[in-house]
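J.: Handing you a structure now.
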């Protein structure tokens, strides 16, 4: 899959989370051939775990492995500083982001550490997050630690 | 409890992890009165979750709350970039570290963002981690993403 297709997979994850009453943020990890190796979506509401952001859940689901440096982390929304730190710990070299208009994460930190970051500015991701923040501002602010 | 006593609590968590065959790294969160509000230890081996560092597990165990900005995060070992990012997301203002001789985490990132960081250079923490790294180097390197 190419980056646009991978964002489509992350978006499907986000929509699963939304359907379950959670935050609509989704993530996938893809290998060098563009095959999805793990998926995840934000589970804060569903599990009560404040660290269960989409990217952390996706990396958790990827399990114990040694090929992190060949993977691409894909997220519907610009990764926060926790998710950025998680990508940096595992030395994931490439990150694809759906949008950073509704929330700008720690993109500078990824770039400072040499990670290749692509922001697709995807209209579907923008609309999904905008609508969610308008509908559930308290849940959103809790999720980003405010 | 004071910082030395809190490190003693984190050390007890680390020893629980070691007794279960895991990495001996422990963490607690304390409130402004020095009372422990959450505990955790590294669970990578026990759970197969690569994000289950002591500090992340401790914050996970703390659950959904709004008092992060009054808490102190205590860890036997200097927090890695993932755990640092997690503390920053929740705007935890104070971090107490047992030691940074066996591993230097992202302390600069904490300091850059205005977090008050205290390193106790605790001999028990140093010896525990040194002995573990000597005994299980592969497990240690996997844990820090190498």
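The values are calculated or read from the model by the stated rules, or taken from the named source; none is laboratory data. Remember, predicted model here, so these are calculated numbers, not experimental data. Reconstructed Cβ throughout: ideal geometry from the backbone, glycine too, with neighbour counts over all protein chains shown.
J.: Would you confirm whether any residue within segment A:24-39 is part of a helix (DSSP H, G or I) and in contact with a strand residue (DSSP E or B) (Cβ under 7 Å, 6 or more places away or on another chain)?
T.: For segment A:24-39, residues part of a helix (DSSP H, G or I) and in contact with a strand residue (DSSP E or B) (Cβ under 7 Å, 6 or more places away or on another chain): absent.
J.: In addition: Only one of A:48, A:34, A:63 is more than 30 Å from residue A:137 (Cβ to Cβ) and either without any contact (Cβ under 8 Å) to a residue 24 or more places away in the chain or within 13 Å of chain B (Cβ to nearest Cβ) (or both); which?
T.: A:63
Residue-wise test of (1) touching a strand residue (DSSP E or B) at 6+ places or on another chain (Cβ under 8 Å); (2) assigned to a loop (DSSP other than H, G, I, E, B).
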| position | (1), (2) |
| --- | --- |
| A:7 | yes, no |
| A:14 | yes, no |
| A:46 | no, no |
| A:51 | no, yes |
| A:58 | yes, no |
| A:65 | no, yes |
| A:69 | no, no |
| A:73 | yes, no |
| A:76 | yes, no |
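J.: I would also like to ask the following. Is it the case, given these coordinates, that residue B:57 is crowded, with 17+ Cβ neighbours inside 10 Å and out of contact with any helix residue (DSSP H, G or I) (no Cβ under 8 Å at 6 or more places or on another chain)?
T.: It is true that residue B:57 is crowded, with 17+ Cβ neighbours inside 10 Å and out of contact with any helix residue (DSSP H, G or I) (no Cβ under 8 Å at 6 or more places or on another chain).
J.: I've got another one for you. Count, please, the residues in segment A:81-106 that happen to be out of contact with any strand residue (DSSP E or B) (no Cβ under 6 Å at 6 or more places or on another chain) and part of a helix (DSSP H, G or I).
T.: 8
J.: Name the one entry in B:101, B:111 that is in contact with a helix residue (DSSP H, G or I) (Cβ under 7 Å, 6 or more places away or on another chain), away from chain A (no Cβ under 11 Å) and surrounded by fewer than 24 Cβ atoms within 10 Å (Cβ to Cβ).
T.: Exactly one residue qualifies, and that residue is B:101.
J.: If we scan segment A:38-45, do we find a residue that is within 18 Å of residue B:50 (Cβ to Cβ), surrounded by fewer than 19 Cβ atoms within 10 Å (Cβ to Cβ), more than 12 Å from every other protein chain (Cβ to nearest Cβ) and in contact (Cβ under 8 Å) with a residue 12 or more places away in the chain?
T.: no
J.: Which one of A:108, A:131 is without any contact (Cβ under 8 Å) to a residue 24 or more places away in the chain and over 23 Å from residue B:90 (Cα atoms)?
T.: Only one candidate passes the filter, namely A:131.
J.: Moving to a separate point now. Considering B:17, B:22, which residue is modelled with pLDDT of 95 or more, within 13 Å of chain A (Cβ to nearest Cβ) and under 19 Å from residue A:64 (Cα atoms)?
T.: B:22
J.: State which residue pairs qualify: first residue within 13 Å of chain A (Cβ to nearest Cβ) and inside segment B:71-94, second residue at pLDDT below 95 and not in a loop (DSSP other than H, G, I, E, B) in any location, beta carbons under 8 Å apart, and separation of 6 or more residues or different chains.
T.: none
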